[in-house]
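The values are calculated or read from the model by the stated rules, or taken from the named source; none is laboratory data. Everything numeric here is computed off the predicted structure, so don't read it as measured data. Ideal geometry is used to build each Cβ from the backbone, glycine not excepted, and the neighbour counts take in all protein chains shown. Areas reflect the complete protein model, heavy atoms only, side chains present, ligands, DNA and RNA absent. Shrake-Rupley method; radii C 1.70, N 1.55, O 1.52, S 1.80 Å.
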Amino acid sequence: MTGQAEFPIDRPTLLVTLTGTDRPGLTSAVLSILAGRGLEVIDAEQVVLRGRLVLGVLLTAPRDHKELKKDLKALAEGLDVEIDVKKGFGDNEPRRKGRTQVTVIGSPLTAKGFGAIAGRIADTGANIDRISRMARYPVTAMEIAVSGADPDSLRAVLALEGVKQGLDVAVQAGGLYRRAKRLIVMDVDSTLIQGEVIEMLAERAGRLEEVAAVTEQAMRGELDFADSLRHRVAALEGLSASALDDVHRAIELAPGARTLVRTLKRLGYQFAIVSGGFSQITDKLAADLGIDYAAANVLEIVDGKLTGKVVGDIVDRAGKATALRRFAESSGTPLSQTVAIGDGANDLDMLAAAGLGIAFNAKPVVRAAADTHVSVPYLDTILYLLGISREEVEAADAASNPS
């Protein structure tokens, strides 16, 4: 297949720009004026903000461009819009190499904060090619297409500015690679769900304070996870196995968890959960949500009671990364096309192994190590990092649930 030749830089072109109140038929009216002259459309872009339309069309210049300008002026008067025509030469300047996507999330997103992010992008010598809104509620999310930037350098600069402005800022390589990720692997406790299952069990065993203190140390990376797990599970010895059913019924998902899973499953993503918690809970969560893969520790139960021990290998920090690789192989997904989401120190290896590691309301050590982080409580904001807008989510929901 042979592509078109590069547009000659010395060939005359016209840029037609329309601005006015948006309503049906404006774009087609402009194109109808152009249609009868055998012109070639080289580029076009349109945006609508609060009912105001801006349309730009770059096309080859006809010999009678003055007559065209006269016709467009008459059209503008009839439609009560403004149309500007400028003559020039050649195509748009090609965008610089190094396509990068910057996602900015704020609650709220202030002009000061957004302006500071734009300023730091400019400071690096990169160019903002396009800005589009991904969501307005429950957070405001903007996606900025940037060219001419090294993603790693830009990430370092914007991470600092994001912290200063109280914004979440994600920097990813642009292009098809970003939309190709097809396996999500997520931690469970304090990520997919609110709270820690082992603490909910410990509360029923009357050992909550002791277990919660050890959990906090382990999540900060101050204790070996396997040792801390054995210590905490030992505190559950003698607890009735029926407490597991009680805890499952009491679990509250993170806000936006169902939306995240539902939307990505519709798009053909596969989903996995991996937990330092317990399979007696995670297997039920996977069934509830239609999740494809699950891995967790197994509590030993004898005569209807917990023995205070786990069975088999412990799913610790290394075990989570191993599970991610196993799920990727089972689903036929390259590691570069996986996304891992977690909040604690035992998620670090998993976040590092994935193509994109996201720290979700995470401890400082995890935020510092992850590719990007989200600090708002809504799990579905991760959709915006994957290039999926709130409008697309709502449209998919409406199509699946017609009234």
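What is the percent of Cα-Cα separations in the range 97-223 that go past 26 Å?
42 percent
Per the Debye formula with a single identical scatterer at each Cα and no solvent contribution, what log10 I(q)/I(0) holds for the range 330-398 at q = 0.11 Å⁻¹?
-0.30
Compute the acute angle (0 to 90°) between the alpha-carbon long axis of helix 111-123 and the principal axis of greatest extent of the alpha-carbon atoms of the chain; round to the nearest 10°.
Result, in degrees: 80.
What's the ranking of 307-315, 81-89, 375-383 by average number of surrounding C-beta atoms within 10 Å, highest first?
Result, highest mean Cβ count within 10 Å first: 375-383, 307-315, 81-89.
Could you work out the relative contact order of the chain? I mean the mean sequence separation of Cα pairs under 8 Å and 6+ apart, divided by the number of residues, in percent.
Relative contact order comes out at 14 percent.
Pairs to check: Lys164/Lys363; Lys284/Lys305; Lys164/Lys265. Give those whose C-alpha atoms are more than 27 Å from each other in this structure.
Check vs 27 Å cut-off fails for Lys164/Lys265.
Percentage of Cα-Cα pair distances in the range 113-185 greater than 17 Å, rounded to whole percent?
The share of Cα pairs beyond 17 Å in the range 113-185 comes to 47 percent.
Quote the Stokes-Einstein diffusion coefficient, in whole µm² s⁻¹, for the range 53-153, based on the Kirkwood radius over alpha carbon pairs, a temperature of 10 °C and a viscosity of 1.306 mPa s.
It diffuses with D of about 94 µm²/s by this estimate.
So if I take the alpha carbon set of the chain, get Rg, then get Rh from the Kirkwood formula, what is the Rg over Rh ratio?
1.10
Tell me the mean residue ellipticity at 222 nm calculated for the chain from its helices only (DSSP H runs of n ≥ 4, each -39500 (n - 2.57), averaged over every residue, nearest 500).
Computed ellipticity for the chain at 222 nm equals -11500 deg cm²/dmol.
Under 18 Å Cα-Cα from Lys112, which aspartates and glutamates qualify once same-chain neighbours fewer than 8 residues away are excluded?
In chain and number order, the partners are Asp123, Glu143, Glu161, Asp168.
May I ask for log10 I(q)/I(0) of the range 221-344 at q = 0.10, 0.12, 0.19 Å⁻¹, from a Debye sum over the Cα atoms as equal point scatterers with solvent left out?
-0.36, -0.51, -1.17
Could you work out what % of the accessible surface of the chain is carbon and sulfur, using a 1.4 angstrom probe and leaving DNA, RNA and ligands out of the count?
About 51 percent, which is the carbon plus sulfur part of the accessible surface.
Using only Cα atoms, tell me the angle between helix 26-35 and the longest principal axis of the chain; keep it within 0 to 90° and round to the nearest 10.
50 degrees
What order do Lys164, Lys363 take when sorted by accessible area (1.4 Å probe), most exposed first?
Descending order: Lys164, Lys363.
Under a point-charge model restricted to the Cβ atoms of Lys and Arg (+1) and Asp and Glu (-1), what is the dipole moment magnitude of the range 278-403 relative to its Cα centre, in debye to the nearest 20?
Approximately 420 debye in magnitude.
Run through the DSSP bridge list for the chain and note the antiparallel percent, rounded to the nearest 5.
70 percent
Taking every Cα atom in the range 277-394, find the radius of gyration and the maximum pairwise distance Dmax, and write them in Å.
16.0, 52
On a 0 to 90° scale, report how tilted helix 257-266 is relative to the longest principal axis of the chain, with both axes built from alpha carbons and the result rounded to the nearest 10.
Long axis of 257-266 versus the principal axis of the chain: about 60 degrees.
Over 10 Å intervals from 0, what percent of Cα-Cα pairs in the range 164-246 sits in each interval?
Percent of pairs per bin, in order: 14, 33, 24, 17, 11, 1.
Sorted by packing (mean other beta-carbon atoms within 10 Å per residue), highest first, where do 185-197, 263-275 land?
185-197, 263-275
Would you list which lysines come within 28 Å of Lys66, measuring only between C-alpha atoms, while excluding same-chain residues fewer than 8 positions from it?
Leaving aside lysines fewer than 8 places away in the same chain, those within reach of Lys66 are Lys86, Lys87.
Tell me which of Ile382, Leu79, Phe114 sits at the most positive position along the dipole axis of the chain, charges placed on C-beta atoms (Lys, Arg +1; Asp, Glu -1).
Among Ile382, Leu79, Phe114, the one farthest towards the positive end of the dipole of the chain is Leu79.
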